[in-house]
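Read the structure below first, then the notes.
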Amino acid sequence: MNALERELSERFGARVGRGQSLADLTSFRIGGPADLFVTVESAEELAAALAGARRAATPAMCLGAGTNLLVSDRGVRGLVVKLGASFDRCRIEETRVEAGAAMAFGALVEAVVERGLAGLEFGEGIPGSVGGGLVMNAGAFGGEMARVVVAIQGVTGAGEIRTLAKDEVGFAYRRTNLPAGFVITRVDFELESGDREALQARVADLRARRAARQPRGLPNAGSIFKNPPGNFAGRLLEGAGLKGARMGGAAFSGQHANFIVNLGGARAAEVRALIEMARNRVRESSGVWLEPEVRFVGEW
Ligand SMILES: Cc1cc2nc3c(=O)[nH]c(=O)nc-3n(C[C@H](O)[C@H](O)[C@H](O)COP(=O)(O)OP(=O)(O)OC[C@H]3O[C@@H](n4cnc5c(N)ncnc54)[C@H](O)[C@@H]3O)c2cc1C
């Protein structure tokens, strides 16, 4: 047991794990273990864990709902932090919404629509957490996080609890420019009053549109590539003949070319090789160099 593991075990007891499988915590169902894993239940606990890792010169990362990740087969060296149930709640006051970072984005959409608040309907069917959604500037159907966020709370890599204003987040297409190592604990939104029934109808419509075009049943991590300016990654992949292309246990979905599905027992190395093969094929066929949306995590 090293010094960090001892320190964390003294403070967090059974909430610290060694060799936790990350495949079990990702939507792809792929990936090796985390050296050290801890679940925290308050910003102070998070600060202690991150400061401890910093002192021990051990890398630390936060795992959200694991729906946008490809974790390497060797797993993650260092500490993986997960926000516990106490971050899975929201407070709504008039049009202001404060959401815990571990809350499921879909649950937040449901809660605000129920209160007749407009602005988050686009999140219907985005399966991640509120914190992961913020980091990825998640979006769909013309909406994105950046439009409705006003502030975020979190902890710096050094263990300092901080509030960041929207313009400190650095929102861009499916990414943000947060300070390195910053872990989000809460996201504040400013929404608009709307008509509850009209909002519910819009959410139902978006749900149906998503169901019609996304593969169901097999583990995946959503869109593999970002859409390049003025085009769609799915269209380029299909044009390059990649729909259904397979490597080991991983294949591009026959239903939506920008999804890779785990057919069963896929290894991260196979998914990554499929991604690189597809990038090269698309560049040959259209001259576009696709940028992955899915994040590669761990030791490759
Ligand atoms: C079926 C399916 C459909 C999808 N559809 C969409 C879509 O329409 N639009 C879209 O934008 N995305 C979509 N996604 C991708 C994914 O759901 C989003 O990117 C989501 O916002 C990721 O959230 P997460 O909690 O799963 O984050 P994770 O995958 O766990 O992490 C993503 C990144 O955020 C970091 N992170 C997570 N939580 C925190 C935190 N609290 N503090 C700091 N860093 C953190 C992680 O370290 C990692 O770098 C889809 C995925 C699937 C599987």
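Bear in mind these aren't lab numbers, they're just calculated from the coordinates by the rules spelled out. Predicted model, so just to flag it, every value in this text is computed and none were measured. Using ideal geometry, Cβ is built from the backbone for each residue, glycine included, and neighbour counts are taken over all protein chains shown.
Quick one: if you stick a label point 7 Å off each Cα along the C-beta vector at ARG147 and GLN255, how many nm between them?
In this crude label model, ARG147 to GLN255 measures out at 2.6 nm.
At a Cα cut-off below 26 Å, give the lysines reachable from LYS166, other chains included and same-chain residues fewer than 8 away excluded.
Once the sequence-local lysines are set aside, what remains near LYS166 is LYS82, LYS226.
Give the percent of DSSP beta bridges with both residues in region 22-178 that are antiparallel, rounded to the nearest 5.
On the way: 13 of 23 bridges.
About 55 percent, rounded to the nearest 5.
Separation between the GLU114 and GLU93 pseudo-spin-labels, each 7 Å from Cα along Cα→Cβ, expressed in nm?
Each label point is offset 7 Å from its Cα along the Cβ direction, giving 2.0 nm.
First measure r as the distance between the Cβ atoms of GLU44 and ALA14, then evaluate 1/(1 + (r/R0)^6) with R0 = 30 Å and state the FRET efficiency to the nearest 0.05.
Values: r = 19 Å, r/R0 = 0.63.
Efficiency computed from Cβ-Cβ geometry: 0.95.
So for the chain: antiparallel DSSP bridges make up what percent, rounded to the nearest 5? Intermediate values should be presented prior to the final figure.
Values: 39 of 52 bridges.
Given both bridge residues lie in the chain, the antiparallel proportion sits at roughly 75 percent.
With each label point set 7 Å from Cα along the Cα-Cβ vector, what nm distance links ARG175 and ARG210?
Rounded to a tenth, the inter-label distance reads 2.4 nm.
Between the alpha-carbon centers of region 269-298 and region 48-97, tell me the distance in whole angstrom.
Computed from Cα coordinates, the inter-centre distance equals 26 Å.
For ASP24 and GLU160 in one chain, what is 0.36 nm times their gap in residues minus the Cα-Cα distance, to one decimal in nm? Walk me through the numbers before you get to the answer.
Values: separation 136, 0.36 × 136 = 48.96 nm, distance 3.02 nm.
That pair, ASP24 and GLU160, stretches by 45.9 nm at full extension.
Apply 1/(1 + (r/R0)^6) to the Cβ-Cβ distance of ARG77 and TRP289, taking R0 = 25 Å, and write down the FRET efficiency to the nearest 0.05. Could you put the intermediate results ahead of the total?
Working: r = 29 Å, r/R0 = 1.17.
Efficiency for this residue pair is about 0.30.
For ARG235 and MET277, FRET efficiency with R0 = 25 Å and r from the beta-carbon atoms, rounded to 0.05? Each step should come with its number before you reach the end.
Details: r = 18 Å, r/R0 = 0.72.
After rounding, the FRET efficiency stands at 0.90.
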